[in-house]
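**Q** The following block contains the structure, expressed as structure tokens.
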Amino acid sequence: MTEQQTNPETAHAEGAVSETVERPVPTVVPAQGDNGAVATETESPASAAPVAVASDDPTKWGRVDENGTVYVRTSDGEREVGSWQAGEPVEGLAHYARRFDDVRTEVQLLAARLESGAGDPKQAHTSAKHLKDSLTDAKVVGDIDGLSKWIDQLLVQADHALEGAKAVKQQQRAEAVARKQALVEEAEKIAGEATQWKTAGDRLREILDEWKTIRGVDRKTDEQLWRQFSKARDNFNRRRGSHFADLDRQRATAKTRKQELVTEAEQLSESTDWQHTANRYRDLMTEWKAAGRAPKDADDALWQQFRAAQDAFFARRSEAFNERDAEFTENAKAKEALLAEAEKIDPSGDLKAAKAQLYKIQERWEQIGKVPRERIRDLEGKLRAIEEKVRGASDAQWRRTDPEALARVAQFRERVEQFEAQAAKAVAAGDKRRAQKAEEQAAQWREWLAAAEQAVASR
């Protein structure tokens, strides 16, 4: 080997090194957070520190011969690791021991990371394998065999961590898939059943935002679930679009129908057929409600037109009714005067004259016309009382002169006597049943006879 010396001050301090191969320095990947790596149940490599610090006693692990060649001792024997020409042999040995300690420190850091579960176990395995391979021709002096065994332990521990990380990753994947499946099911339910369009649309947007936060699903499954979710959103949008399209058609139909109702309402506003027109306006109102809502601006404008026509009619009707009520009030006063005149009729004297007077009052009563609704019962009742008084006098006179009533009394008396005779005959014959029946019939005819006699006597 040839000696290379580039800096005399450095060479004096550490010794110049002649190497055919530059020592590789493995890179330990920095920690990236807990990814689920699982430490093994073996004793912690970091805490156990199974390999001694070489710089404490480098002669234990190597030597420098009289030519300055540096050797390291391994289980396979000695092997050359470099050459030292810049100073004392012990300084050269110490230099290569410190190099060993650097590698040992890297292994110790790697062991600590595996123990803590930090970092990626796959990267830790790669780093450990790289360190293991580098020991074959590493230009260091130290316990290479011990360090190799330690790295072997780390490789086993990294394998276990990989298995644990894989299990955790699978579990996380399953959970992520389950979350997305639940979101897909909710989206499909919304797409098929929801009718609260704004609320449902907001929820679908929330589902999409939540979807973006879920990681760890394999590409194939994720694409399949995404297609289902997208299909559900498309179905919802189509159904919502169809709903609002139908609503627009319904509103257009409602607008046309309400325009027709406005036209009829305006035509009716000049009618004087108060009752019929008022009834028709009530029907128009029912039809208006049944027509549904037109577009808001048009609906409000049409309603104002409809109400204006209706108000115009009912205002005219109210005015006409006020005039009519004034006329009815005067009619009531006229009928009160007629009642005062009718109350003077005395049928107990000249009945014929009383009837003639009442007839003339009845004619004048009809000619006067209608009165306010609340006065009808009172006025008509008083007139009927007078009519009843005259009619009663007429009936009494008729009963006093009715020959049929006298004949009826004689007939009833004859029937009573007939049944009494039958009863007596039956008693004499000892026939109690016939006697009882004849007596019952005689009693019935006695009642009718008494009523007929009373009617005649009251004439």
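No value in this document is a laboratory result; all are computed from the given coordinates. As the structure is a computational prediction, the values presented were derived from the model and not from experiment. With ideal geometry, Cβ positions are generated from the backbone for all residues, glycine too; neighbour counts draw on all protein chains shown.
**Q** Starting from the coordinates of the alpha-carbon atoms of the stretch 219-295, obtain the Kirkwood hydrodynamic radius over all distinct pairs and give the value in Å to one decimal. Walk me through the intermediate numbers first.
**A** Values: mean 1/r = 0.0624 Å⁻¹.
About 16.0 Å for the stretch 219-295.
**Q** Same structure again: Expressed as an acute angle from 0 to 90° and rounded to the nearest 10, what is the orientation of the C-alpha long axis of helix 373-400 relative to the principal long axis of the chain?
**A** Approximately 30 degrees, to the nearest 10.
**Q** Sticking with this one: If you project the alpha carbons of the stretch 319-393 onto their three principal axes, what span does each projection cover, largest first, in Å?
**A** Result, largest extent first: 49, 18, 14 Å.
**Q** With N residues in the stretch 144-286, what two-decimal value do you get for its Cα radius of gyration over 2.2 N^0.38 Å?
**A** 2.25
**Q** Sticking with this one: Once each part is reduced to its C-alpha centroid, what is the distance from the stretch 329-348 to the stretch 50-106 in angstrom?
**A** 149 Å
**Q** Let me ask something else about it. For each of SER242, SER83, SER55, count neighbouring Cβ atoms within 10 Å of the residue's Cβ, then give the residues from fewest to most. It would help to have the intermediate numbers written out before the result.
**A** Details: SER242 10, SER83 22, SER55 19.
Going from least to most buried by this count: SER242, SER55, SER83.
**Q** Could you tally the net charge around GLY201, taking each other residue with its Cβ under 11 Å from the Cβ of GLY201, Lys/Arg +1 and Asp/Glu -1? If you can, show how the numbers build up before the last one.
**A** Values: positive: LYS198, ARG203, ARG205, ARG233, ARG240; negative: ASP202, GLU206.
So the surrounding residues net to +3.
**Q** Could you give the radius of gyration (one decimal) and Dmax (whole number) of the Cα atoms in the stretch 214-259, in Å?
**A** For the stretch 214-259, the Cα radius of gyration and maximum Cα-Cα distance read 19.1, 61 Å.
**Q** Which Rg and Dmax, in Å, describe the Cα atoms of the stretch 118-201?
**A** 24.7, 79
**Q** Using all Cα-Cα distances in the stretch 269-314, what percent lands in each 10 angstrom bin from 0 up to the longest?
**A** Taking every Cα pair in the stretch 269-314, the percentages come to 26, 51, 21, 3.
**Q** Also: Counting helices only, and only those DSSP H runs with n ≥ 4, report the 222 nm mean residue ellipticity of the chain as the sum of -39,500 (n - 2.57) divided by its residues, in deg cm²/dmol to the nearest 500.
**A** Details: 13 runs with 333 residues, N = 459.
One gets -26000 deg cm²/dmol as the mean residue ellipticity at 222 nm.
**Q** Measure nothing but the geometry: give the 0 to 90° angle between the long axis through the Cα atoms of 121-134 and the longest principal axis through the Cα atoms of the chain, rounded to 10°.
**A** The answer is roughly 10 degrees.
**Q** Amide H of TRP84: which non-local residues (sequence gap of 5 or more, or other chain) have their own amide H closer than 5 Å, using H built in the peptide plane?
**A** Amide H to amide H, under 5 Å and 5 or more residues apart or across chains, TRP84 pairs with THR69, VAL70.
**Q** Still on this structure: Just need the Rg to Rh number for the chain, please, alpha carbons only, Kirkwood Rh.
**A** Working: Rg = 63.0 Å, Rh = 37.5 Å.
That ratio is 1.68, to two decimals.
**Q** I would also like to ask the following. How much space per residue, in cubic angstrom, does the convex hull of the C-alpha atoms of the stretch 267-382 take up? Numbers along the way, then the final one.
**A** On the way: hull volume 13.9 nm³, N = 116.
So the per-residue Cα hull volume is 120 Å³.
**Q** Let me ask another. Which ³J(HN,Hα) values in Hz, rounded to whole numbers, follow from the phi angles of the stretch 163-175 under the Karplus curve 6.51 cos²θ - 1.76 cosθ + 1.60, where θ = phi - 60° and Gly and Pro get x?
**A** Karplus values, whole Hz, x for Gly and Pro: 4, x, 4, 5, 5, 5, 4, 5, 5, 4, 5, 4, 5.
**Q** Ok, one more. Check GLY62: other-chain or 5+ apart residues with amide H under 5 Å from its amide H, H built from backbone geometry?
**A** Long-range HN contacts for GLY62: ARG73.
**Q** Quick check: the angle from helix 403-429's long axis to the longest principal axis of the chain, C-alpha only, nearest 10 degrees?
**A** The answer is roughly 80 degrees.
**Q** Also, quick follow-up: Go through 166-174, 88-96 and give me the packing order, highest mean Cβ count within 10 Å leading. Could you put the intermediate results ahead of the total?
**A** On the way: 166-174: 13.2, 88-96: 20.0.
Listed from highest to lowest mean packing, they are 88-96, 166-174.
**Q** Sorted by packing (mean other beta-carbon atoms within 10 Å per residue), highest first, where do 311-324, 115-128, 227-240, 59-72 land?
**A** Peptide ranking by packing, descending: 115-128, 59-72, 227-240, 311-324.
**Q** Now, a different point. Take the Cα gyration tensor of the stretch 310-459, multiply each eigenvalue by 5, square-root it, and list the three semi-axes largest first, rounded to whole angstrom. Intermediate values should be presented prior to the final figure.
**A** Numbers: eigenvalues 695, 96, 15 Å².
Rounded to whole Å, the semi-axes are 59, 22, 9.
**Q** Provide the three semi-axes, in whole Å and in decreasing order, of the ellipsoid equivalent to the stretch 403-457 as defined by the square roots of 5 times the Cα gyration tensor eigenvalues. All intermediate terms of the calculation are to be shown ahead of the outcome.
**A** On the way: eigenvalues 141, 17, 6 Å².
So the three semi-axes of the stretch 403-457 are 27, 9, 6 Å.
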